[in-house]
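The values are calculated or read from the model by the stated rules, or taken from the named source; none is laboratory data. The structure displayed is predicted, hence computed values, not measured ones. Quick reminder, even Gly has a Cβ in these numbers, built from the backbone with ideal geometry, and neighbours come from all protein chains shown.
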Amino acid sequence: MTTITPDQALFFRDFAVGRLRAEHPVTRSVIEAVPLDKGAFRPDDIGKSAVDLAWHIVSAEHRFLDAVVSGAFDFTNTGRPQDINTSGDVSEWYAKTFAEDIARVTSLGADGLTRIVDFRGLFQLPAVVYLHTVQIHSIHHRGQLSMYLRPRGAKVPAIYGESYDSARAKATV
């Protein structure tokens with residue numbers, strides 16, 4: 001990979017943080033659309049349950065943002081805490097943790113952003129590049145989670161523009 005300059009790293013950090021902040025409420029709206037009593041739903045035996053998929057999204061996002069700041073990925077303690085049982089619990093944890101993580105990322109200087117961070121021996125990239133990786137990872141799994149909603153009788157929130165459900169809700173007001 002071509003070396004990233006300090007100015008480029010700071011520019012990309014600010015751009016990526018803006019995009020992550022824009023995606024955060026959308027991701028929360030999809031998580032919160034999972035009915036509290038339907039978190040165990042899974043489309044088949046291989047897929048994660050709705051609440052496990054929601055947890056995967058938010059915990060991976062936290063793990064990536066932490067790696068950007070700390071310079072290393074921590075793959076210990078990857079399970080969902082026992083007190084996080086519903087989509088509401090996941091969303092609440094995500095709101096708090098995201099705010100803390102973004103504050104840490106925005107305070108990181110160019111030296112931290114340009115240092116090389118290893119991801120499982122597969123990638124060795126400047127820390128700031130992982131801000132894009134976490135965004136596409138979250139969007140990918142958020143799309144999966146949105147497909148869990150209608151089979152459980154839930155409404156799909158607006159993601160990029162109106163959804164069928166959000167347009168209908170607006171039309172009935």
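Under the condition of being surrounded by fewer than 18 Cβ atoms within 10 Å (Cβ to Cβ) and in contact with a Lys or Arg (Cβ under 7 Å, 6 or more places away or on another chain), which residue from the range 49-68 is nearest to L10 (Cα to Cα)?
Ranking the qualifying residues of the range 49-68, first place goes to D52.
Hey, any hits in the range 100-107 for a residue that's closer than 30 Å to D45 by Cβ, surrounded by fewer than 19 Cβ atoms within 10 Å (Cβ to Cβ), in contact (Cβ under 8 Å) with a residue 12 or more places away in the chain and of a type outside the set (D, E, K, R)?
Of all residues in the range 100-107, those closer than 30 Å to D45 by Cβ come to none.
Looking for residues that are closer than 30 Å to D45 by Cβ, surrounded by fewer than 19 Cβ atoms within 10 Å (Cβ to Cβ), in contact (Cβ under 8 Å) with a residue 12 or more places away in the chain and of a type outside the set (D, E, K, R), one finds none in the range 100-107, hence no.
Select, from D66, D52, the only residue that is in contact with a Gly (Cβ under 9 Å, 6 or more places away or on another chain), assigned to a helix (DSSP H, G or I) and among the acidic types (D, E).
Values: D66 fails: in contact with a Gly (Cβ under 9 Å, 6 or more places away or on another chain).
It is D52.
Working only within the range 50-88, note down all residues that are without any contact (Cβ under 8 Å) to a residue 24 or more places away in the chain and under 22 Å from E23 (Cα atoms).
Scanning the range 50-88 gives S59, R63.
Filter the range 83-123 down to the residues that are touching a helix residue (DSSP H, G or I) at 6+ places or on another chain (Cβ under 6 Å) and aromatic (F, W, Y) and list them by number.
Hits for the range 83-123 are Y94, F98.
Residues are listed down the side, and each one gets a yes or a no for (1) modelled with pLDDT under 95; (2) farther than 21 Å from V128 by Cα; (3) of a type in the set (A, V, I, L, M); (4) in contact with a strand residue (DSSP E or B) (Cβ under 7 Å, 6 or more places away or on another chain):
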residue	(1), (2), (3), (4)
F11	no, no, no, no
D14	no, no, no, no
A22	no, no, yes, no
V34	no, yes, yes, no
K38	yes, yes, no, no
R63	no, no, no, no
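Going through the range 69-87 one residue at a time, which ones are part of a helix (DSSP H, G or I) and in contact with an Asp or Glu (Cβ under 7 Å, 6 or more places away or on another chain)?
Restricting attention to the range 69-87, the residues satisfying the condition of being part of a helix (DSSP H, G or I) are 69-70, 87.
Matches in the range 69-87: S87 only.
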